[in-house]
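Since every read-out is calculated from the coordinates, none of them should be taken as a lab result. No experiment lies behind these values; they were computed from the predicted model shown. Cβ coordinates were reconstructed from backbone atoms using ideal geometry, including for glycine residues, and neighbour counts include every protein chain displayed.
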Amino acid sequence: MTQPATAPTVQRVDAKHRYEILVDGKTVGLTAFRDHDDQRVFYHTEIDDAFAGQGLAALLVQQALTDVRGSGKRVVPVCPYVAKFLKNHDEFAGIADPVTPEVLQWLETVPSK
Ligand SMILES: CC(C)(COP(=O)(O)OP(=O)(O)OC[C@H]1O[C@@H](n2cnc3c(N)ncnc32)[C@H](O)[C@@H]1OP(=O)(O)O)[C@@H](O)C(=O)NCCC(=O)NCCS
């Protein structure tokens, strides 16, 4: 397991529709999204194997959801990790919307997702 020398940082990369988490300046994970009107739909989260089990996904998603809340948008947790995170973090309940068949259908139409 690789241990970070400095605190991890999270950044939103709009061009890639994702938030990335960096350790010692290197991207080691991401949570990917697409915007659907005022909803930010999260559909995939991953952390490099070498950095798994250190709470990095939790930090990444916590900061991503904080950013979403700050922008006045709402969250749709298609990604199972984000869905589980929301279940365990009531502080974001007010900005969470359910995953609907309509959203899933729309997500399928998003190019090069
Ligand atoms: C899922 C993943 C992002 C977790 O990253 P991580 O930095 O190791 O996660 P953390 O240390 O922050 O949290 C670990 C928690 O994630 C949970 N978890 C692991 N895989 C999960 C999954 N597929 N769906 C939901 N939760 C998952 C673990 O049960 C653990 O829960 P706990 O805190 O209640 O014990 C990482 O294992 C990964 O990249 N997996 C492959 C891709 C994937 O399956 N992504 C999720 C669905 S899109």
Residues satisfying the stated conditions in the range 78-93, i.e. surrounded by fewer than 15 Cβ atoms within 10 Å (Cβ to Cβ) and more than 8 Å from the ligand (Cβ to nearest atom): 87, 89, 90, 91, 93
Among the residues of the range 33-53, write down those that are in contact (Cβ under 8 Å) with a residue 60 or more places away in the chain and of a type outside the set (Lys, Arg). 36, 39, 41, 43
Return the only residue of 75, 68 being in contact with a strand residue (DSSP E or B) (Cβ under 8 Å, 6 or more places away or on another chain) and either acidic (Asp, Glu) or within 16 Å of the ligand (Cβ to nearest atom) (or both). 75
So in the range 36-60, with the set limited to residues that are loosely packed, with under 13 Cβ neighbours inside 10 Å and more than 7 Å from the ligand (Cβ to nearest atom), which one is farthest from residue 87 (Cα to Cα)? 50
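Per-residue answers, yes or no, for (1) among the aliphatic types (A, V, I, L, M); (2) over 17 Å from residue 12 (Cα atoms):
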position	(1), (2)
53	no, yes
60	yes, no
66	no, no
97	no, yes
Qualifying residue in the range 89-104 (condition: touching a His at 6+ places or on another chain (Cβ under 8 Å), under 27 Å from residue 5 (Cα atoms) and not hydroxyl-bearing (Ser, Thr, Tyr)): no
Among (1) in contact with a helix residue (DSSP H, G or I) (Cβ under 8 Å, 6 or more places away or on another chain); (2) over 20 Å from residue 16 (Cα atoms); (3) hydrophobic (A, V, I, L, M, F, W, C), the one test that residue 51 misses: (1)
